[in-house]
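The values are calculated or read from the model by the stated rules, or taken from the named source; none is laboratory data. Note that the structure is a prediction, hence the values are computed from the model and not measured. Side chains included, ligands, DNA and RNA excluded: accessible areas come from the protein's heavy atoms. Shrake-Rupley method; radii C 1.70, N 1.55, O 1.52, S 1.80 Å.
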Amino acid sequence: MPSDATQDEARRIARDAFLVFEHKEGSKMVDEKDIPTIVRSMGINPTGSQIEKLMEQLKGTQTEDTALVPLDRFEQVVSAFALSNKNDLIRDDYHKLVRAFRALDPEKKGYIDAELFGSLMSARGEAFSTQETGTMLSCAAEAASGKVYYEDYAYKLATNGRKV
């Protein structure tokens with residue numbers, strides 16, 4: 001999400017991301033378990049505790065015990081959350097990511113073993129779940145070699161497919 005996004009732009013970005021993950025086409029509902037992925041697909045990078053707070057806000061005054069979140073609620077809550085926290089949600093740039101990866105590559109090979117990387121991501125800091133680790137490695141690691149070429153992966157993370 002652009003750092004100078006307006007409320008209308010933030011709502012449009014939230015709506016577009018939401019519709020990609022729509023539970024059933026035309027339902028204007030998403031499964032709450034998809035919320036972290038949807039939010040990250042918007043180009044922002046919340047922590048686990050920020051996601052928990054966001055989930056609480058999304059459930060808000062909901063009286064039904066349902067795992068589905070409606071579009072209007074998502075749009076309202078997520079756009080407000082993104083705008084009010086925009087300085088805390090910005091993704092790291094390519095150079096910062098490469099420096100972090102190089103700290104895990106003392107031999108300067110240009111890659112990290114996928115198994116090691118996965119175990120680090122699921123055990124340190126804000127640990128990834130098994131599913132999150134698997135999803136990340138499916139994008140990060142080269143299937144044939146089992147290696148994460150971190151300069152390429154840092155580029156993917158920093159740009160999210162956007163032109164730089």
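If the segment from Thr47 to Tyr94 were pulled out straight at 0.36 nm per residue, it would be longer than the present Cα-Cα gap by 15.0 nm.
For region 95-141, evaluate the Debye formula with one uniform point scatterer on each Cα (no solvent term) and list log10 I(q)/I(0) at q = 0.26 Å⁻¹, rounded to two decimals. Log10 I(q)/I(0), no solvent term: -1.05.
Helix 94-103: angle to the longest alpha-carbon principal axis of the chain, degrees 0 to 90, nearest 10? Result, in degrees: 50.
Percent of Cα-Cα pairs more than 29 Å apart in the chain, please.
Here the long-distance tail beyond 29 Å is 26 percent of all Cα pairs in the chain.
Counting only protein heavy atoms and using a 1.4 Å probe, the accessible area of Asp72 comes to about 100 Å².
Measuring nothing but protein heavy atoms, the accessible surface of the chain at 1.4 Å probe radius is 50 percent carbon and sulfur. As a length-normalised measure over Cα pairs under 8 Å and 6 or more apart, the relative contact order of the chain settles at 22 percent. Oblate is the label for region 1-44. Its Cα gyration tensor axes, ordered a ≥ b ≥ c, give a/c of at least 1.5 and b/c at or above a/b. Look at the Cα gyration tensor of region 63-135: its axes a ≥ b ≥ c give a/c of at least 1.5 with a/b at or below b/c, and that counts as oblate.
At 1.4 Å probe size, put Leu83, Leu104 in order of accessible surface, largest to smallest.
Leu104, Leu83
In plain terms, the chain from Gln57 to Glu132 could stretch by 24.7 nm, reckoned as 0.36 nm per residue minus the Cα-Cα distance.
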